[in-house]
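The values are calculated or read from the model by the stated rules, or taken from the named source; none is laboratory data. Just so it is clear, the structure is predicted and the values come from calculations on it, not from any experiment. In this analysis, Cβ positions are derived from the backbone assuming ideal geometry, glycine residues included, and neighbour counts consider all displayed protein chains.
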Amino acid sequence: MRSHCVKVLGTGSGIPEGRLTNNDLEKMVETSDEWITARTGIKERRIVKPHESAATLSLQAAWTALERASVSPSELDVIIVATVTPEMPFPATACILQDQLGATKAACFDLEAGCTGFVYALSVAEKYLRGGGGEKALIIGVETLSRIVDWQDRSTCVLFGDGAGAAVLGIADEPGVLATYLGADGRGGPLLELPAGGSRIPPTSETIERRLHYIKMSGNEVFRFAVKIMEEASREVLRRARVPIEDVDLFVPHQANIRIIDSAAKRLGIPRDRIFLNVQKYGNTSSASIPIALNEAWEENRIFAGDLVLLVGFGAGLTWGSALIRW
Ligand code: COA
């Protein structure tokens, strides 16, 4: 009989080599390493070179995840790419990746759920496989936020970075993804948006002049929302899986700001040694943040077979999501 569990079979990442430190930013806008470190925990972020893009980073992450999962591209039934910075508006970055991988039988689409994109992709792929859509899925979170950041706006440009993370999922006999929880509140959309370039405000020389093709954010409001929703989303997925919080071996939160993570962890009563942190190295890489962290946690031997891992994210939309995984 067909099994109804979906496991993570392998992870990977695609990290650009270009580094931008807080000291570099001091030369670009009126800021300081002290301010950025104290307010965000970020020390540096990775930035793509002109020849790099969503597809090149995704391809790197995908090959590593496939190799570790011992899955060949031709076995993939679906590819989902979560991103707010796709290769282009269409075709989907997932289709471009499919062609480069030679994953000929995979259905492909992109998914946009702000920084929660990877958790959304995980939840959708898990249900797709469990619902009979196939045996193997490739999910990616990828961003080249440096291409949509306003490098003259010190309140946002210090926060974001580029990168990709991937996971291969497969039908298995033993439990893997135990529960997921997704949510959204569109009323909060204006708090974090890229106003122009879509059907409401198509690109013109005026929209470029008015800097409407860059990220606009109300930092304080997003901060308050983030702390509250990280706690709620963590508790809800644990409730769905009937797992007490003490049983979680590692929390892998969206890496937006160390203060958001610390405040949420305090509300949940989670000690620092059970939280994976790499925001200091990459800044906020949106959809790529959780899969990069998950992959790095695995590479650094912070996750072992049988461990309970909790992913929790929030982002533009506003959106939020959580997933509890038995590794
Ligand atoms: N360097 C120096 N000063 C800066 C600065 C920078 N890079 N950016 C802003 N400031 C200034 C502000 O102008 C303000 O000055 P003022 O008091 O003279 O007006 C002061 O610092 C305080 O700004 P404030 O916005 O209150 O700081 P904060 O403590 O809220 O921190 C954020 C700002 C953006 C770090 C914080 O709000 C945050 O992390 N929000 C969530 C953002 C996020 O995670 N977004 C992604 C969601 S997926």
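Given the structure, is residue 221 surrounded by fewer than 15 Cβ atoms within 10 Å (Cβ to Cβ), within 22 Å of residue 285 (Cβ to Cβ) and either under 18 Å from the mean Cα position of the chain (by Cα) or of a type outside the set (Lys, Arg) (or both)? Even if it seems obvious, please write down each step before you answer.
Values: surrounded by fewer than 15 Cβ atoms within 10 Å (Cβ to Cβ): yes; within 22 Å of residue 285 (Cβ to Cβ): yes; either under 18 Å from the mean Cα position of the chain (by Cα) or of a type outside the set (Lys, Arg) (or both): yes.
Yes, satisfied.
If you scan the stretch 99-118, which residues turn out to be buried (at least 24 other Cβ atoms within 10 Å of the Cβ) and assigned to a helix (DSSP H, G or I)?
Selection gives 117, 118.
If you go through the stretch 5-26, how many residues are of a type in the set (S, T, N, Q) and within 16 Å of the ligand (Cβ to nearest atom)?
Here the count works out to 3.
Kindly establish whether residue 79 is assigned by TED's automatic domain parsing to the domain that holds residue 130, in a helix (DSSP H, G or I) and buried (at least 21 other Cβ atoms within 10 Å of the Cβ).
No: the conditions fail for residue 79.
Quick one: what pairs do we get from the stretch 273-302, first residue among the aromatic types (Phe, Trp, Tyr), second assigned to a helix (DSSP H, G or I) and at pLDDT 95 or above, C-beta under 6 Å, 6+ apart or different chains?
276/293; 276/297
Taking residue 191, is it touching a Pro at 6+ places or on another chain (Cβ under 6 Å) and either surrounded by fewer than 17 Cβ atoms within 10 Å (Cβ to Cβ) or hydrophobic (A, V, I, L, M, F, W, C) (or both)?
Against the criterion (touching a Pro at 6+ places or on another chain (Cβ under 6 Å) and either surrounded by fewer than 17 Cβ atoms within 10 Å (Cβ to Cβ) or hydrophobic (A, V, I, L, M, F, W, C) (or both)), residue 191 does not qualify.
Taking the condition of being within 19 Å of residue 194 (Cβ to Cβ), assigned to a helix (DSSP H, G or I) and within 12 Å of the ligand (Cβ to nearest atom), how many residues in the stretch 209-222 meet it?
Count: 3.
Which of the residues that make up the stretch 275-285 are under 25 Å from residue 81 (Cβ atoms) and assigned to a helix (DSSP H, G or I)?
Quick first cut of the stretch 275-285, residues under 25 Å from residue 81 (Cβ atoms) only: 276, 278-279, 281-285.
Selection gives 279, 281, 282.
Here are 168, 142, 124: which of them is part of a helix (DSSP H, G or I), more than 15 Å from the ligand (Cβ to nearest atom), within 30 Å of residue 248 (Cβ to Cβ) and assigned by TED's automatic domain parsing to the domain that holds residue 28?
124
Matching residues to (1) within 16 Å of the ligand (Cβ to nearest atom); (2) assigned to a helix (DSSP H, G or I); (3) touching a strand residue (DSSP E or B) at 6+ places or on another chain (Cβ under 6 Å); (4) aliphatic (A, V, I, L, M):
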{"site": "228", "(1), (2), (3), (4)": "yes, yes, no, no"}
{"site": "239", "(1), (2), (3), (4)": "no, yes, no, no"}
{"site": "246", "(1), (2), (3), (4)": "no, yes, no, no"}
{"site": "259", "(1), (2), (3), (4)": "yes, yes, no, no"}
{"site": "262", "(1), (2), (3), (4)": "yes, yes, no, no"}
{"site": "273", "(1), (2), (3), (4)": "no, yes, no, no"}
{"site": "287", "(1), (2), (3), (4)": "yes, yes, yes, no"}
{"site": "292", "(1), (2), (3), (4)": "yes, yes, yes, yes"}
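Of all residues in the stretch 264-286, which are over 19 Å from residue 39 (Cβ atoms), more than 21 Å from the chain's Cα centre (by Cα) and not acidic (Asp, Glu)?
267, 268, 269, 270, 271 - these are the residues of the stretch 264-286 that are over 19 Å from residue 39 (Cβ atoms), more than 21 Å from the chain's Cα centre (by Cα) and not acidic (Asp, Glu).
Within the stretch 171-178, can one find any residue that is more than 20 Å from the chain's Cα centre (by Cα), within 16 Å of the ligand (Cβ to nearest atom) and of a type in the set (Asp, Glu)?
no
Please state which one of 31, 40 is within 16 Å of the ligand (Cβ to nearest atom), more than 20 Å from residue 164 (Cα to Cα), surrounded by fewer than 20 Cβ atoms within 10 Å (Cβ to Cβ) and polar (S, T, N, Q). So that I can check it myself, show each step before the final result.
Details: 40 fails: surrounded by fewer than 20 Cβ atoms within 10 Å (Cβ to Cβ).
Result: 31 is the single residue among 31, 40 that is within 16 Å of the ligand (Cβ to nearest atom), more than 20 Å from residue 164 (Cα to Cα), surrounded by fewer than 20 Cβ atoms within 10 Å (Cβ to Cβ) and polar (S, T, N, Q).
Can you tell me which residue within the stretch 147-165, out of those that are small (Gly, Ala, Ser) and buried (at least 21 other Cβ atoms within 10 Å of the Cβ), is nearest to the ligand (Cβ to nearest atom)?
First, pick out the residues of the stretch 147-165 that are small (Gly, Ala, Ser): 155, 161, 163-165.
Filter again for buried (at least 21 other Cβ atoms within 10 Å of the Cβ), leaving 161, 163-165.
On the way: 161: 12, 163: 14, 164: 17, 165: 15 Å.
Top of the filtered list is 161.
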